[in-house]
Amino acid sequence: MDIDLPIALILGQDGIINGAIYALLALAILLVFTVTRVLMIPQGEFVAFGALTMAALQAGQPARLVWLLAALAVAEAIADLIVLRTRRQGAQVTFSALLVKLAYPFVLAALLYNLPTATLPMPVQAMFTLAIIVPMGPQIYRLFFQPIASAPSLILLIAAIAVDVSLVGVSLFVFGPESASTAPFSEASFEFGSVNVSSQALWVVGSALALIVALWLFFSHTLHGKALRAAAVNRTGATLMGISPVFAGKASFLLATLLGALSGILIAPITPISFDSGFVISLKGFVGAIIGGLISYPLAAAGALAVGLIEAFAAFWASSYKEVIVFTLIIPFLLWRSLTRHTLEEEE
Amino acid sequence: MNASEEKLLEVRNLHVAYGKVEALQGVSLAIAKGRMGQIVTVIGPNGAGKTTLLSAIMGLLPSRGEIFFAGELEPVPEVGRMVRRGMNLVPEKRELFAEMSVEDNLILGAFQRYRQGYRDHDRSLREVFALFPRLLERRRQRAGTLSGGERQMVAIGRALMAQPTLLMLDEPSLGLAPLVVREIFRIIVELRKRGVSILLVEQNARAALQVADYAYVIETGGIVMEGQAENLRNDPRVIEAYLGLGQHQEKLA
Ligand SMILES: Nc1ncnc2c1ncn2[C@@H]1O[C@H](COP(=O)(O)OP(=O)(O)OP(=O)(O)O)[C@@H](O)[C@H]1O
Ligand SMILES: [Mg+2]
């Protein structure tokens, strides 16, 4: 099929928008993997959560997802109480911190069920969405991954799959089977020659760039960011500096959920999202991360952008094979990686 | 008996097992508290359990027995808490952050203090650079590309960033040229003057006994001898087992 310039530009625009989102996810996946060795398969679920929660708030429905947050908080409190009872002084949990963590989701729920969420300004809706979703990251780490932190990678992978499947189930229960999209951040659109660029597209790409710069600043210029990198580079060394693996694990999950939920909020006005969209989105982030060899952040971001572009053009030429084409992409990179494998193992 | 107030560190009857193998079988040792720091050394052959001992005290390995630090019993030592309380370990393998710069490696040594609310890392950094001027020249270099001696300096400097009261050094002279070894031992003595106590594990028994105040000899998981460092230096058994060979080698060299 022939492709002329305007079509190419439109496809390119789609590709860049999706690619920007995949890049954020690839970075999150890479961060979690290097710090905890967990392959963050549930990454895409937080995207779906972000989009669907935003849609629910805009439709004036109470965001029922807050009850998942509450359930996780209760489970975490029980786990912490057990630690508090069986362990010594010097355990990191204190009773008051535990109460605050336990109260938080219920205060949030009370607000959400009593405020007219549909009429709130969009930034406030976004804040609420993040307030519900982001704390789940550290909770999930605490409950499902911290207890098996030193288990073999295969066990961690199985746990990640189990968590993902459970989250999809919860998603169906909470949001129902219909897909949803949200209002764009603004209605404006711009003409660049023959191409019409929606302002939402600019929002997505601009926010993704801003987030990437913010992440870079965090990791290169703040002590906590450096501590997280240190934990990824050398776990024993980091532990000796008092950078506990638990702290690093929770922090990396926190950042990953933040990036996931933000991606969902950004993409929801452009792409309808349903409860089961997350997995495929995760996989595309993974393709990017794997292109980056699961170690290089810039390569992962570039790889994810390439995934977005290839996906857009594949959709035009052979739409039913779109996913197949994208995932087939991994194979040459895996081959290439396996040939240069020894360098990877040295990093471990 | 209560945890004696005059002791900075006291270890009583420490046992550590790797599976069924007991690597430490009831080790006891102490470091006195004083206005000046104390240097206490633990010497012994390969596989005696020296690294195991330091790891257990630091909370990296589970152990049985009693560990008192700064007058408090640590029922289950936990690394973060030990660092917060002023203990620091420079491990045998250094464990630097290879992909990060020298300066970042050092700054991370102050992480625990930073979390506790102290904001004195810039001053600590200047002190470390004053102690190791060579690191100042190389502060932008990636730690993974440093020479062995420079790496050891970063490892020690990084530990000092936490402003420890007890610094545990696991074979700081391992694999270093004699000139660098002398430099490292000069620093160790300097640190004692500044009030830092040091638990020094060494194979280089001669150098260790030279700087130490008190010494223990550990063999296959148990302390077999202890005493003032100068007494051990002149003890015929120590000379034969740990110093004699060294003398011989030095003559050859
Ligand atoms: N992770 C481990 N698993 C099983 N055995 C171990 C482990 N680490 C050490 N050991 C054993 O425990 C004993 C003490 O080892 P340790 O490393 O403490 O000795 P060391 O005195 O530090 O020796 P070196 O002078 O060679 O560093 C050795 O027999 C060693 O083989
Ligand atoms: Mg050793």
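Check region B:220-232 and report whether any residue there is touching an Asp or Glu at 6+ places or on another chain (Cβ under 6 Å) and among the charged types (D, E, K, R). No - not one qualifying residue is present in region B:220-232. Answer yes or no: is there a residue in region B:80-90 that is under 19 Å from the mean Cα position of the chain (by Cα) and within 16 Å of ligand 2 (Cβ to nearest atom). There is at least one residue in region B:80-90 that is under 19 Å from the mean Cα position of the chain (by Cα) and within 16 Å of ligand 2 (Cβ to nearest atom). Hey, does region B:188-203 have a residue that's among the hydroxyl-bearing types (S, T, Y), in contact (Cβ under 8 Å) with a residue 40 or more places away in the chain and within 16 Å of ligand 2 (Cβ to nearest atom)? Checking region B:188-203: not a single residue is among the hydroxyl-bearing types (S, T, Y), in contact (Cβ under 8 Å) with a residue 40 or more places away in the chain and within 16 Å of ligand 2 (Cβ to nearest atom). Taking the criterion of being buried (at least 17 other Cβ atoms within 10 Å of the Cβ) and either of a type in the set (F, W, Y) or more than 11 Å from chain A (Cβ to nearest Cβ) (or both), the residues of region B:112-133 that qualify are B:Y114, B:S124, B:L125, B:V128, B:F129, B:L131, B:F132. When residues in region B:32-63 are screened for being among the small types (G, A, S) and closer than 17 Å to B:I218 by Cα, 6 of them pass. All told, B:G109 meets the bar of being crowded, with 19+ Cβ neighbours inside 10 Å, of a type in the set (G, A, S) and touching a residue at least 24 places away in the same chain (Cβ under 8 Å).
Residues that are part of a helix (DSSP H, G or I) and either closer than 30 Å to B:A56 by Cα or touching a residue at least 40 places away in the same chain (Cβ under 8 Å) (or both): does region A:186-197 have at least one? Scanning region A:186-197, I find no residue that is part of a helix (DSSP H, G or I) and either closer than 30 Å to B:A56 by Cα or touching a residue at least 40 places away in the same chain (Cβ under 8 Å) (or both), so the answer is no. Flag not set for B:A30, criterion: crowded, with 17+ Cβ neighbours inside 10 Å and within 14 Å of another protein chain (Cβ to nearest Cβ). Using the structure shown, decide if A:G288 is buried (at least 24 other Cβ atoms within 10 Å of the Cβ), in contact with a strand residue (DSSP E or B) (Cβ under 9 Å, 6 or more places away or on another chain) and farther than 30 Å from B:R94 by Cα. Judged against the criteria, A:G288 is not a match.
Just so you know, in region B:56-97 the residues that are at the interface with chain A (Cβ under 8 Å from one of its Cβ atoms), under 12 Å from A:M241 (Cα atoms) and of a type in the set (V, I, T) include one that is surrounded by the most Cβ atoms within 10 Å (Cβ to Cβ), and it is B:V83.
Name the residues in region B:65-97 that are among the aromatic types (F, W, Y) and over 27 Å from B:T145 (Cβ atoms), would you? Once the filter is applied, which keeps residues that are among the aromatic types (F, W, Y) and over 27 Å from B:T145 (Cβ atoms), region B:65-97 yields B:F68, B:F69. Here B:A215 meets the list (1) within 16 Å of ligand 2 (Cβ to nearest atom); (2) assigned to a strand (DSSP E or B); (3) under 15 Å from the mean Cα position of the chain (by Cα) almost entirely, failing just condition (1).
Within region A:14-49, being farther than 23 Å from A:L202 by Cα and aromatic (F, W, Y) holds for one residue alone: A:F33. With respect to the conditions (1) at pLDDT 95 or above; (2) loosely packed, with under 13 Cβ neighbours inside 10 Å; (3) acidic (D, E), A:D164 falls short on a single one, namely (2). Screening B:N231 against (1) more than 25 Å from B:L131 (Cβ to Cβ); (2) among the polar types (S, T, N, Q); (3) modelled with pLDDT of 95 or more leaves a single unmet condition, (3). I'd like the residue in region B:42-67 that is over 17 Å from the mean Cα position of the chain (by Cα) and more than 15 Å from ligand 1 (Cβ to nearest atom) and, out of all such residues, is nearest to B:E6 (Cα to Cα). If we take residues in region B:42-67 being over 17 Å from the mean Cα position of the chain (by Cα) and more than 15 Å from ligand 1 (Cβ to nearest atom), then B:E66 is nearest to B:E6 (Cα to Cα).
Could you say whether any residue in region B:164-174 is without any contact (Cβ under 8 Å) to a residue 24 or more places away in the chain, surrounded by fewer than 18 Cβ atoms within 10 Å (Cβ to Cβ) and either in a loop (DSSP other than H, G, I, E, B) or away from ligand 2 (no atom under 16 Å from the Cβ) (or both)? Let's see the steps before the verdict.
Here is the first cut: in region B:164-174, the ones without any contact (Cβ under 8 Å) to a residue 24 or more places away in the chain are none.
Looking through region B:164-174, none of the residues is without any contact (Cβ under 8 Å) to a residue 24 or more places away in the chain, surrounded by fewer than 18 Cβ atoms within 10 Å (Cβ to Cβ) and either in a loop (DSSP other than H, G, I, E, B) or away from ligand 2 (no atom under 16 Å from the Cβ) (or both).
A single member of B:Q152, B:Q141 is within 16 Å of ligand 2 (Cβ to nearest atom) and within 18 Å of B:L108 (Cα to Cα), and it is B:Q152.
The values are calculated or read from the model by the stated rules, or taken from the named source; none is laboratory data. From a predicted model like this one, the values you see are computed outputs, not experimental measurements. Please note: Cβ atoms are built from the backbone with ideal geometry, for glycine as well, and neighbour counts cover all protein chains shown.
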